[in-house]
2 protein chains.
Amino acid sequence: MKTFNIAIVGLGNIGLEVYKNLLHNKNNIFNKTGFRLNIYKVSSKNFSKKRGNIKIPKSLWEKNALNLCADKNVDIIVELVGGADGIAKKVVFSALKNKKHVVTANKALIAKHGDQLSILAEKNSVNLLFEASVGGGIPIIQSIKQGLIANQIKQIYGILNGTTNFILTEMEKTNSSFNEILKIAQQKGFAESNPSADIDGHDVAAKISILSSICFGSKIINKNFLVEGIRNIEIEDILFAKKLNFKIKLLAIAEKINNKIKQRVHPCLIPTYIDIANINGVTNAIVVDGSPIGRTVYEGPGAGKGPTSSSIISDIASIMVGNDDYSFGFSPKSKKNYSLFDFSNHESKYYLRFLVSDRPGVLSTITSCLAKNKISVESLVQNPNNSYSNIVIVTHASKESSIKNAISILAKNKKIFKKIVMIRVRNESNL
Amino acid sequence: MKTFNIAIVGLGNIGLEVYKNLLHNKNNIFNKTGFRLNIYKVSSKNFSKKRGNIKIPKSLWEKNALNLCADKNVDIIVELVGGADGIAKKVVFSALKNKKHVVTANKALIAKHGDQLSILAEKNSVNLLFEASVGGGIPIIQSIKQGLIANQIKQIYGILNGTTNFILTEMEKTNSSFNEILKIAQQKGFAESNPSADIDGHDVAAKISILSSICFGSKIINKNFLVEGIRNIEIEDILFAKKLNFKIKLLAIAEKINNKIKQRVHPCLIPTYIDIANINGVTNAIVVDGSPIGRTVYEGPGAGKGPTSSSIISDIASIMVGNDDYSFGFSPKSKKNYSLFDFSNHESKYYLRFLVSDRPGVLSTITSCLAKNKISVESLVQNPNNSYSNIVIVTHASKESSIKNAISILAKNKKIFKKIVMIRVRNESNL
C-alpha cells in the first residue's frame, strides 16, 4: 500500500493550517482513502519564524523549495506561496516537470498560467488541482468537473469574494459609508491593508477566469473583460436599491453565447426574492446552470484558513484515491479558443443615479437624452435634499453602448453633480 | 486506451434518459475523462414497449439482466430497476460478485443493503456509487465524500423531497388544503398516485440513512428512528407559522452527539430569515456543518429524469477516471456501529395548536398542564372563529418526552377538539 509523501511549500496561515490538519487527520484520511500520507518536508524562507503553538520538527525543513520538486521521494507538492509569478510559478512548473502532483490555492498563478500548466501536468501524467483557488471551502471546482460532468454549462455566476460581500452587507445593515465599513473589515481581518485586489474586483476576476474555463472548456480568458469593483457604491445606492426591492451584489458572471464567452465582474442589482440576493457577510455562493441538470447552487465560507485547508486536503485526497481527472475538466487538447463577447453589445436594465440641482429642469434633460439614445425608463425615484436631489432611474433593457453614450453626454451637464452612478441590473431570466 | 462497456438495467424514464445522454455525450465524456464509453447492452423485461422517439437497436437488448452481470465484456452495470429487493438486489449483488462496477439510483436498496454491498464492492475491488439516490442532480454525496473529506461532520440536514416541499410551498401560496394541493401535485407528475412514500417521509428516511452513514462513518441506521411526514400539516399551521415568522418544512436531520447518531425526519418550523426556509417548490437543499470548513449548502433540482441522469453519468465518469473511493466515504472496516440517540431526550421549542371551545376556561387547563410538565410558554396566539378557536403556543426549549406526556393528557380533555397539532421548532443554533 502506497504512502504519499507530501511537501508543503509556504508556511503562512494556510500552510500551517494544512500542516496541522494533515497531521491530526492522518488516520481519518487513511480510513477515508485507504492510503497513508506522510508530511515529508516543509519549505519556507525562514524556519525559525514564530508560528504560534505549532512546532514543526527542524528535520522537515527544506529552505530551497526547488530541491523538493526534484526530490524523488516527494509525491505531492502543495504550493501555498501565492502570486502569479516568482517562486510560486517556478515551484509549480518545476514540480510538474519532475512528475510531482501539484495542489495549489494560487488563483493568480492558475488564472495566468493555468493553460500552460495543465498541458504540462497532462504531459507528465500528474494532477494539478486548485479547488482552494475559488470559493474557499466550497467544493465548486470538483462539483463542476465531476458532479456536473454530464452537463453542458450555460452560465455560472455568483458571489466569489467575501470581503466585498461583507462590506455591502454591513453598509446596508448599519447605514454606513463604504469607507467606514472598509475600515471595520480591515480591523476584523476581512480586508487587506491594501484592499485593492478585493474591492476593485481583481480577485474575483481571477476566480471567474478559472471557473469559466472549467465550465465551457475554453482556454483561460484572463484579460480584456469587464472588471468593476465596489469602490464607487455609495450607501445611497444601496438604500435606493432596497426601496426598489433590489440588493446590490458584486457578481462574477460567465456565459457561453454562440461560441463566445461573455465574462465579467461588476456590481449588480438583484431582486431581493432571489436566493443569491440574501447571501450575506463573508459567505460565497455560486449558481451553475446546466443542461440537463438545471440550476444548482453552492454556498459556503469563501475564505479563511479552515475552509481553504479543507479544499486543499480534498485535492490531496483526490490524488491519493487515483482520481485522474483533468485540471480544468477537459483534456488540454480539446479546450477551445473561444473569443470574448463584445460587451458594448450587452443588454440589461440599468440603475442610474444623478445628483442634480434644479430638479424639474434637469429631469427633462435627462429623460430626453435617454430617449435619444433609445433608452426607455421603467421606474423613477426622486429624493430631494436641501441643496440637491437624487434622481434614480431604472431603465428598460438597453444596450451598454447606448447607456455609456448617454452618460458621457449627461456628464457634461453642469446641473448634474459628481459622477453619474450606473449599476447594471441582472436580467431576471438569468437568475 | 480503455473503452468502458456499460450495461443499463431498467429502461424506465430514467434508464432511457441515461441511454440518450450517454449516446449524445460520448465525445464530451471522452474530452472530459480521456476515456471512451460504449453502451454495450440494455436490459428490460419487455423490449418492444413503446419508448417515445428513442429507438434502441434490438442487438443491444438482453432480457435477463443477470446474464450481463456475468458477461466478461461488461465494465459497469447501471441499475435503474428500483426497489430494495427483488431483481434490483439480485443484479447489484451479482454484478459486484462478478467484479463489475455498479452505479445505481436506488435509495431503497442502498439504505437497506448498503453496508453489505459496500463490503462486497471493496472485496472485489470495484466501485459502488449512488449519487442519484439522494438529492437528484445535486452532487451531494461526492461533495461530502471528497470535497469535505478533511472535515469532521457535525450535522447534515435539509429538504430532501421535492414532492412534499412543493405541497408545502403551494399550500401557503394558494391558501389551500393539503389534499387540494396533493391532487395538483399528482396531476403535475410531482406526486405518485400512491403518494405515501413521499408524504409520509419514507423516501426522505432512506435518503438521510444514506447521508448519515456517509457523514459520520457509521453503519447504516435504517430503522427505529423518528419518521413523520406532512399528511397532518394543515393550512392553519402554515398560516400561524407565517404569523410567527416561521416556515414549515419537512426536514431530514442527522447529527452525531457523543458517539450517538441523532437521526430523524419530521416537519419543522424554521425562521423565515434562514436560507433553507426559502427553498420553494420541488427544489432540494442540504446543509452540511463540518470542522474546519463550517457551513456549506447545496441546492438544486431534487428529482426528474434530467437531474437524475446527470448524477448517474457523473458516477460513471468517476469510475472511468479511476476515482477509487469508498462507497460510503469510509473503508467498510472503519465504519462504526453507533447507536441511535434516544429521541425522548430531544429538546427543542415546540409549536402546539389546540382547537378548543370555551377559550378562557380551556386556556388555563392547557397552560397549567404544560407547567406541570415543565414546559414554559414562549408565545401564544389565538384565533377565534365562530364556534371554536385555535390556540397556538410556541414553547421554550422542552423535552420531547414532556411534550408527549402533556399532549396525551390534554388529548383527553373534551374541550379540545381533533388531534392536537405538534410541530418541532428547529433550534436556531443548529441552522
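The values are calculated or read from the model by the stated rules, or taken from the named source; none is laboratory data. Quick caveat, the model's predicted, so the values are computed rather than measured. With ideal geometry, Cβ positions are generated from the backbone for all residues, glycine too; neighbour counts draw on all protein chains shown.
Structural remarks
- Residue selected from the range A:400-418 under the condition at pLDDT 95 or above and touching a Ser or Thr at 6+ places or on another chain (Cβ under 7 Å), by the criterion farthest from residue A:347 (Cα to Cα): A:401
- Residue match in the range B:86-108 (condition: in contact with a Leu (Cβ under 6 Å, 6 or more places away or on another chain) and among the hydroxyl-bearing types (Ser, Thr, Tyr)): yes
- Entry remark, the range B:1-27: residues being in contact with a strand residue (DSSP E or B) (Cβ under 8 Å, 6 or more places away or on another chain) and more than 24 Å from residue B:67 (Cβ to Cβ) number 2 in total.
- Residue that is nearest to the other protein chains (Cβ to nearest Cβ) [pool: residues in the range B:280-302 that are crowded, with 24+ Cβ neighbours inside 10 Å and in a loop (DSSP other than H, G, I, E, B)]: B:293
- Positions within the range B:179-199 being out of contact with any Leu (no Cβ under 9 Å at 6 or more places or on another chain) and buried (at least 18 other Cβ atoms within 10 Å of the Cβ), in sequence order: B:182, B:185, B:190, B:197, B:198
- Subset of the range B:217-274 (residues that are among the polar types (S, T, N, Q) and either in a strand (DSSP E or B) or not assigned by TED's automatic domain parsing to the domain that holds residue B:180 (or both)): B:218, B:263
- Total residues in the range B:333-357, condition more than 14 Å from chain A (Cβ to nearest Cβ) and in a helix (DSSP H, G or I): 3
- Residue A:159 being more than 27 Å from residue A:429 (Cα to Cα), modelled with pLDDT of 95 or more and touching a Lys or Arg at 6+ places or on another chain (Cβ under 8 Å): no
- Across the range B:112-126, the number of residues qualifying as surrounded by 24 or more Cβ atoms within 10 Å (Cβ to Cβ) and not in a helix (DSSP H, G or I) comes to 0.
- Looking only at residues in the range A:304-313 that are surrounded by fewer than 24 Cβ atoms within 10 Å (Cβ to Cβ) and more than 7 Å from every other protein chain (Cβ to nearest Cβ), the one that is farthest from the chain's Cα centre (by Cα) is A:305.
- Hits in the range B:12-25 (condition: within 11 Å of chain A (Cβ to nearest Cβ) and under 27 Å from residue A:322 (Cα atoms)): B:18, B:21, B:22, B:25
- Residue check for residue A:134: free of Cβ contacts under 8 Å to residues at least 40 places away in the same chain and under 25 Å from residue B:145 (Cβ atoms): no
- Test result for residue B:377, without any contact (Cβ under 8 Å) to a residue 40 or more places away in the chain and either at the interface with another protein chain (Cβ under 10 Å from one of its Cβ atoms) or β-branched (Val, Ile, Thr) (or both): yes
- Only one entry of B:28, B:67, B:5 meets the criterion of being within 15 Å of residue B:309 (Cβ to Cβ) and either at pLDDT 95 or above or within 14 Å of chain A (Cβ to nearest Cβ) (or both), and that entry is B:28.
- Flag for residue B:212 being surrounded by 19 or more Cβ atoms within 10 Å (Cβ to Cβ), closer than 25 Å to residue B:275 by Cα and out of contact with any helix residue (DSSP H, G or I) (no Cβ under 9 Å at 6 or more places or on another chain): yes
- Answer from B:350, B:338 - the residue that is in contact (Cβ under 8 Å) with a residue 12 or more places away in the chain and more than 21 Å from the chain's Cα centre (by Cα): B:350
- Enumerated helices (runs of 4 or more DSSP H) restricted to the range A:1-108, each holding at least 2 residues that are free of Cβ contacts under 8 Å to residues at least 12 places away in the same chain: A:26-33
- Among the residues of the range B:161-205, the ones that are closer than 27 Å to residue B:110 by Cα and among the hydroxyl-bearing types (Ser, Thr, Tyr) come to 4 in all.
- In summary, residue A:323 fulfils each of the numbered conditions (1) more than 17 Å from the chain's Cα centre (by Cα); (2) buried (at least 24 other Cβ atoms within 10 Å of the Cβ); (3) part of a loop (DSSP other than H, G, I, E, B) with the single exception of condition (2).
- The range A:358-399 - residue that is loosely packed, with under 12 Cβ neighbours inside 10 Å and assigned to a helix (DSSP H, G or I) and, of those, modelled with the highest pLDDT: A:368
- Among (1) out of contact with any helix residue (DSSP H, G or I) (no Cβ under 8 Å at 6 or more places or on another chain); (2) free of Cβ contacts under 8 Å to residues at least 60 places away in the same chain; (3) at the interface with chain B (Cβ under 10 Å from one of its Cβ atoms), the one test that residue A:324 misses: (2)
- The single condition among (1) aliphatic (A, V, I, L, M); (2) more than 24 Å from residue A:304 (Cα to Cα); (3) in contact with a Ser or Thr (Cβ under 8 Å, 6 or more places away or on another chain) that residue A:78 does not satisfy is (2).
- Verdict on residue B:124 being touching a strand residue (DSSP E or B) at 6+ places or on another chain (Cβ under 9 Å) and either within 14 Å of chain A (Cβ to nearest Cβ) or of a type in the set (S, T, N, Q) (or both): no
- Residue ID - farthest from the other protein chains (Cβ to nearest Cβ), chosen from residues in the range A:31-52 that are touching a Ser or Thr at 6+ places or on another chain (Cβ under 8 Å) and surrounded by fewer than 22 Cβ atoms within 10 Å (Cβ to Cβ): A:38
- Restricting the range B:127-176 to residues that are at the interface with chain A (Cβ under 10 Å from one of its Cβ atoms) and among the charged types (D, E, K, R), the residue that is surrounded by the most Cβ atoms within 10 Å (Cβ to Cβ): B:131
- Count of residues meeting criterion [closer than 21 Å to residue A:138 by Cα and touching an Asp or Glu at 6+ places or on another chain (Cβ under 7 Å)] in the range A:327-343: 0
- Flag for residue A:316 being more than 14 Å from chain B (Cβ to nearest Cβ) and not small (Gly, Ala, Ser): no
- Test for residue A:330: is it facing chain B (nearest Cβ under 7 Å), among the hydrophobic types (A, V, I, L, M, F, W, C) and over 25 Å from residue A:38 (Cα atoms): yes
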